[in-house]
Amino acid sequence: MSERPSSDDLLAIAAFAVAFDSPDFVAGEWVEPETRDDGVMVLGWWNPSETIVEWEQALYDHHIMDPNSDCLAHENVEYANKAIEDPGLLAAADLQRVRTALTFLARAERHTGGGWYLREA
């Protein structure tokens with residue numbers, strides 16, 4: 001387990017709520033797939049907003065993400081996927097469980113493109 005977040009770390013992450021709650025907030029956009037003139041297909045991808053990029057980095061900088069967690073263990077993957085569908089699961093979770101789930105989701109995000117930003121609360 002990596003260093004636990006301090007109260008200041010948690011406050012730094014909570015500060016992002018102001019941006020996320022703004023009616024003008026946009027998490028990012030899908031870049032559509034295309035076929036270039038030379039015939040090469042470019043797959044579509046999720047282009048996160050600058051706020052999301054800063055937030056994701058802050059999650060690591062402020063010890064919310066746990067780079068040493070076993071986030072890919074079957075039980076952790078299953079829990080993270082359930083938490084996407086039922087965010088209330090995280091309300092009852094201990095800090096390590098939340099950190100592991102967020103670490104899995106952030107890492108999966110790089111391979112699935114935008115999945116956790118498109119869920120409605």
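The values are calculated or read from the model by the stated rules, or taken from the named source; none is laboratory data. For clarity, every value in this text was computed on a predicted model and none was experimentally measured. Using ideal geometry, Cβ is built from the backbone for each residue, glycine included, and neighbour counts are taken over all protein chains shown. These area figures cover heavy atoms from the full protein model, side chains too; ligands, DNA and RNA do not enter into them. Shrake-Rupley method; radii C 1.70, N 1.55, O 1.52, S 1.80 Å.
Applying a threshold of 9 Å to beta carbon distances and a minimum spacing of six or more residues, or different chains, the list of pairs starting in region 23-43 at a residue that is farther than 25 Å from residue 55 by Cα and charged (D, E, K, R) and ending at one that is open to solvent by 90 Å² or more (accessible area, probe 1.4 Å) and not in a loop (DSSP other than H, G, I, E, B) reads 34/41.
In region 1-20, how many are open to solvent by 100 Å² or more (accessible area, probe 1.4 Å) and at pLDDT below 90? Of the residues in region 1-20, 3 are open to solvent by 100 Å² or more (accessible area, probe 1.4 Å) and at pLDDT below 90.
Of the residues making up region 57-108, just one is over 18 Å from residue 7 (Cα atoms), surrounded by 17 or more Cβ atoms within 10 Å (Cβ to Cβ) and touching a residue at least 60 places away in the same chain (Cβ under 8 Å), namely 69.
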